[in-house]
Amino acid sequence: MQSTQYAAGPLALSDGLAMRAATLVLIAICIVPVFTTPRGRLTSDESLYAAEALNVHTGAGPTYTTGNPVTHRAPLYPALLAAAFEVGGRTLDAGTWVPRIATVINAALAVLIARRLAGPIAGAATGVAAASSSYLNGLGVSLFLDQVQVSFVLASVLALAVANDRPRAGAYMLGGIALGLAVLTKESAIQLGPLPLVAFLLCGAPTNWRTCLIAWSAGLAIASAGWWLWVYYHTGAIYLLGDPDADTTRMAMVAASAAVLALVLLLLRGQTWVVKPPRLAQRLAGWALVVVWGAAFIAGLEWQSWEHPPRYWSDVPAYFADVLVPAMPAAPVMGAALLWAAGRTLRGDTGASVVTAAWLLYLPFVLVAANRELSLRDAAPVLYLGLVALGCGAAWLMSWGADLGYAHRTPFFAAAGAAVVSLALVAIAAQGFGRVERAQATSFDGDWDNLIAADTAKWLKTNLAPGTTVMSTRVYHSHVYFLAGGRFPIHQLPTLLVTVDLEADEPLRARSTLFRWEPLATRARKDWLYLARYPGKGYYIGLAEEDLLAEVRAREVAYVVVNAPDVGFSSPSYLLYFDAHPAFRRVHQSSYGGVDISVIYEVDRTRLTPIEAPLRVTAGALEGLLERAGGDLEVVERALGRLNGAGWEVVPQ
């Protein structure tokens, strides 16, 4: 299986020392800002990674701020941060060296993939475009894990690119291991599981294809199977699927078993499967696998996630236009290059099939993220694959112009092709050259590394004995834990992701504990205290009094920290309840700017009895409920009246 080396004819350039040195110099110039730009703002996700890394570094293992085992996402990334803490000290700045280095590795891997698939020109073009992206470099100065996931994804793709020329089982096993490590960084990488099988179906397979697929599967299992066992041992649930007794999980397991059986039967077939180009039926099977695999992932993500209207036809293009293009101005060219790679795959280009299979398999997660207005970083693997396709397409265009010029005995076409590509690359590099995109915090809760978090952590360290149990609102809780050195287990208030049915006897039903990743001590959920609607994403968040009091009692909480505001998760209205309840006594308060506030309450667990307190409904939640009721206020009022015997009132946030 030989990859196409574009620019291998009349326009051939030496892949010697001069070409490599020029590429490295250009990438180095572009990548310097990644190491000189200060760390970006600290968000909730990044703060959680740092808190988990702290526990790994101190010997507590992969645990949350509560001390419970981590089960929502594999702890490979926090372990890497812990290694950085060991080298550079236990600081956020030391932790950022992990994504900074990963950003450089990603540019290098993209170069190697493109060069392997389409020659030195493709490698140079890809490297400059990747290294000069201010958005991708911006990920490198954050604590987000996406750059590390991309490193492992690209390493897996590179292994397959190498195997295109020499299809050895060892390369496929290394590719499987790399993908397993990507899964242990961020679970969305599991979508690439059937990558070599799809590539084989689309463009043919080597004579040892069975051995290659087995090696790939073995590598993936070696790297990641332990995590599935860990989650099942600690939760009794199947990772990414859920409760094994649930009907949806059983359906998913049946589908997965059928897929595994089909793969086994394929591997055991006596007929040698090696057709170049592959038969039409084989190609159709490859495209069908991509569609079925992607549809299953979209259905599963929609089923397990929060309620959100699936407006893919309108929301996804709008997301690409409003989010993707401003962050990656070369996005239209990258998209065209990915489609070009798909077209080359249809023509039997084995190198293009690797890139095409990878981005098509990862695309479902990107579409769901776009429909739900999630961060662009969720598309990071496809962004890098788009740059690889861009580099390969540039090399093809130059080669095509050179071949055309050679055929007509005129240098015009070669010069025109080279000029178009060069100008395009200059324009792409210029838009981000020497710049790093860093999101600026516009409020305290936009950067968790702030005065409120520092002051709260300082008071806790000064006044509490190590091991004292604390409960906190979501905002800042994990960073307070980090700043306090992990001295105190910190649980979150039992806020819940809820579903709304205005006509039901119970208008609110719990769907999950959202970002708490721990089961509740009770399921009473009587007398709801708080209902909010998360802006943009549209889901509802609720807090019930019996849940709150039962959690405080069961976890032997000694102090409660209320930080506000935090989008939909906590509100200044919380203070009205805690101030009125005799079990909670204010012992410390910090306030900045008259809006952001942190209050610490000491808990008297002997007085944890319900009080008469109304439900506080945010203005945004009320607006959403009215939309559901078609503007009928009476329907909304009746539903809210069933949630709390003390009535309800509207609060700004």
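The values are calculated or read from the model by the stated rules, or taken from the named source; none is laboratory data. Bear in mind the structure is a predicted one, so any value in this text is a computation, not a measurement. In this analysis, Cβ positions are derived from the backbone assuming ideal geometry, glycine residues included, and neighbour counts consider all displayed protein chains. We work out accessible area using only protein heavy atoms, side chains counted, and drop any ligands, DNA or RNA first. Shrake-Rupley method; radii C 1.70, N 1.55, O 1.52, S 1.80 Å.
Considering the stretch 483-501 alone, what residues qualify as being open to solvent by 20 Å² or more (accessible area, probe 1.4 Å) and either closer than 22 Å to Gly538 by Cβ or among the aromatic types (Phe, Trp, Tyr) (or both)?
Thr499, Asp501
When the residues of the stretch 549-572 are filtered to those that are at pLDDT below 90 and within 28 Å of the chain's Cα centre (by Cα), which remaining residue is surrounded by the most Cβ atoms within 10 Å (Cβ to Cβ)?
Ranking the qualifying residues of the stretch 549-572, first place goes to Ser570.
Right, Ala358: under 20 Å from the mean Cα position of the chain (by Cα) and open to solvent by less than 40 Å² (accessible area, probe 1.4 Å) or not?
Yes.
So which residues in the stretch 103-137 are in a helix (DSSP H, G or I), of a type in the set (Gly, Ala, Ser) and crowded, with 24+ Cβ neighbours inside 10 Å?
As a first pass, look at the stretch 103-137 and keep what is in a helix (DSSP H, G or I): 103-118, 120-131, 134-137.
Among the residues that remain, those that are also of a type in the set (Gly, Ala, Ser) are: 107-108, 110, 114, 118, 122-125, 127, 129-131, 134.
If the condition is that a residue be in a helix (DSSP H, G or I), of a type in the set (Gly, Ala, Ser) and crowded, with 24+ Cβ neighbours inside 10 Å, then Ala107, Ala110, Ala114, Ala118, Ala122, Gly123, Ala124, Ala125, Gly127, Ala129, Ala130, Ala131 are the ones that fit.
Could you grab me the full set of residues in the stretch 171-196 that are under 10 Å from Ala223 (Cβ atoms) and among the β-branched types (Val, Ile, Thr)?
If the condition is that a residue be under 10 Å from Ala223 (Cβ atoms) and among the β-branched types (Val, Ile, Thr), then Ile177, Val183 are the ones that fit.
Take Gly348 and decide whether it is open to solvent by 10 Å² or more (accessible area, probe 1.4 Å), assigned to a loop (DSSP other than H, G, I, E, B) and closer than 26 Å to Ala205 by Cα.
yes
Residues checked against (1) over 26 Å from Val498 (Cα atoms); (2) without any contact (Cβ under 8 Å) to a residue 24 or more places away in the chain; (3) surrounded by 19 or more Cβ atoms within 10 Å (Cβ to Cβ):
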site: Arg585; (1), (2), (3): yes, yes, no
site: Asp604; (1), (2), (3): yes, yes, no
site: Thr609; (1), (2), (3): no, no, no
site: Glu637; (1), (2), (3): no, yes, no
site: Leu643; (1), (2), (3): no, no, yes
site: Gly647; (1), (2), (3): no, no, no
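State the number of residues belonging to the stretch 52-83 that are outside any loop (DSSP other than H, G, I, E, B), of a type outside the set (A, V, I, L, M, F, W, C) and open to solvent by 40 Å² or more (accessible area, probe 1.4 Å).
Quick first cut of the stretch 52-83, residues outside any loop (DSSP other than H, G, I, E, B) only: 52-57, 63, 69, 76-83.
Remaining after also requiring of a type outside the set (A, V, I, L, M, F, W, C): 52, 55, 57, 63, 69, 77-78.
Right, trim to open to solvent by 40 Å² or more (accessible area, probe 1.4 Å) and you get 57, 69.
The qualifying residues number 2.
So which residues in the stretch 143-158 are farther than 17 Å from Ile27 by Cβ and either open to solvent by 10 Å² or more (accessible area, probe 1.4 Å) or assigned to a helix (DSSP H, G or I) (or both)?
Phe144, Asp146, Val148, Gln149, Phe152, Val153, Ala155, Ser156, Val157 - these are the residues of the stretch 143-158 that are farther than 17 Å from Ile27 by Cβ and either open to solvent by 10 Å² or more (accessible area, probe 1.4 Å) or assigned to a helix (DSSP H, G or I) (or both).
Does Gly593 fit the bill of being closer than 30 Å to Arg90 by Cβ, at pLDDT 85 or above and open to solvent by 20 Å² or more (accessible area, probe 1.4 Å)?
So Gly593 does not fit the description; no.
Starting from residues that are open to solvent by 10 Å² or more (accessible area, probe 1.4 Å) and of a type in the set (Val, Ile, Thr), keep the ones in the stretch 468-482 and report whichever is nearest to the chain's Cα centre (by Cα).
Thr469
Can you list residue pairs whose Cβ atoms sit under 6 Å apart, with the first residue in the stretch 359-374 being in contact (Cβ under 8 Å) with a residue 60 or more places away in the chain and the second being of a type in the set (Gly, Ala, Ser) and part of a helix (DSSP H, G or I)? Count only pairs 6 or more apart in sequence or on different chains.
Every condition considered, the pairs that remain are Pro364/Gly294; Phe365/Ser188.
Go through the residues of the stretch 539-548 one by one and say whether even a single one is outside any helix (DSSP H, G or I), modelled with pLDDT under 95, of a type outside the set (Val, Ile, Thr) and closer than 20 Å to Ala583 by Cα. I'd like the intermediate steps shown before the answer.
At the first step, the residues of the stretch 539-548 found to be outside any helix (DSSP H, G or I) are 539-544.
When the remaining residues are screened for being modelled with pLDDT under 95, the result is 539-544.
If we keep only those that are of a type outside the set (Val, Ile, Thr) as well, we get 539-540, 542-544.
Right, trim to closer than 20 Å to Ala583 by Cα and you get 543-544.
Taking every residue of the stretch 539-548 in turn, at least one turns out to be outside any helix (DSSP H, G or I), modelled with pLDDT under 95, of a type outside the set (Val, Ile, Thr) and closer than 20 Å to Ala583 by Cα.
Test Leu576 against the criterion of being open to solvent by 10 Å² or more (accessible area, probe 1.4 Å), over 24 Å from Leu464 (Cβ atoms) and either part of a strand (DSSP E or B) or touching a strand residue (DSSP E or B) at 6+ places or on another chain (Cβ under 9 Å) (or both), and give yes or no.
Numbers: open to solvent by 10 Å² or more (accessible area, probe 1.4 Å): yes; over 24 Å from Leu464 (Cβ atoms): yes; either part of a strand (DSSP E or B) or touching a strand residue (DSSP E or B) at 6+ places or on another chain (Cβ under 9 Å) (or both): yes.
Criteria met by Leu576.
Search the stretch 318-333 for residues being part of a helix (DSSP H, G or I) and in contact (Cβ under 8 Å) with a residue 12 or more places away in the chain, and hand back the single one that is farthest from the chain's Cα centre (by Cα).
Step by step, filter the stretch 318-333, then rank; the result is Val333.
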